[in-house]
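Okay, so here's the structure we're looking at.
The values are calculated or read from the model by the stated rules, or taken from the named source; none is laboratory data. No experiment lies behind these values; they were computed from the predicted model shown. Positions of Cβ are backbone-derived with ideal geometry, glycine not excepted, and every protein chain shown enters the neighbour counts.
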Amino acid sequence: VQLQASGGGLVQAGGSLRLSCAASGVSFSIDTPGWYRQAPGRQRELVASINSGGITNYKDSVKGRFTISRDNAKNLLYLQMNSLKPDDTGVYYCNIPVLEKTNYWGKGTQVTVSS
């Protein structure tokens, strides 16, 4: 099993980034995958999730700016991030509940938003 996030980088406030997550050995289509963020000195938090029916859920601070989506055929998860703010800075991870229960966290991707 492997999860690997990519697409992070350094961007100015107001900019955009699109994160991608590739999964192997596990399918996003059978669970509720999500994007998580861990800012320096803070606990990891759920930013967005999408269930098998396509229903999405967002942390209040990113509503209207972030969009989570999935491609079941390619087993990919995306996070489109617009109007980025310095508070969005952190390492972003993708995960699904069945793997979270085992405390597995794949490779994250660093997002840094400068003011």
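Annotations for the structure displayed:
- Residues being outside any strand (DSSP E or B) and either hydroxyl-bearing (Ser, Thr, Tyr) or over 17 Å from residue 40 (Cβ atoms) (or both) - total across the stretch 72-108: 17
- Scan of the stretch 72-89 for residues that are under 13 Å from the mean Cα position of the chain (by Cα) and hydrophobic (A, V, I, L, M, F, W, C), ordered by number: 76, 77, 79, 81
- Only a single item in (1) surrounded by fewer than 16 Cβ atoms within 10 Å (Cβ to Cβ); (2) out of contact with any Ser or Thr (no Cβ under 6 Å at 6 or more places or on another chain); (3) modelled with pLDDT of 95 or more; (4) of a type in the set (A, V, I, L, M, F, W, C) is not met by residue 30, and it is number (3).
- Listing of strands (runs of 3 or more DSSP E) fully contained in the stretch 1-69 that carry 1 or more residues being touching a residue at least 60 places away in the same chain (Cβ under 8 Å): 2-6, 9-12, 17-24, 34-38
- For the stretch 29-46, a residue qualifies if it is closer than 17 Å to residue 76 by Cα and within 13 Å of the chain's Cα centre (by Cα), and the qualifying residues are 32, 33, 34, 35, 36.
- Qualifying residues in the stretch 69-115 (those that are in contact with a Pro (Cβ under 8 Å, 6 or more places away or on another chain) and among the β-branched types (Val, Ile, Thr)) - the one surrounded by the most Cβ atoms within 10 Å (Cβ to Cβ): 96
- In this structure, residue 61 qualifies as closer than 22 Å to residue 15 by Cα and of a type in the set (Ser, Thr, Tyr).
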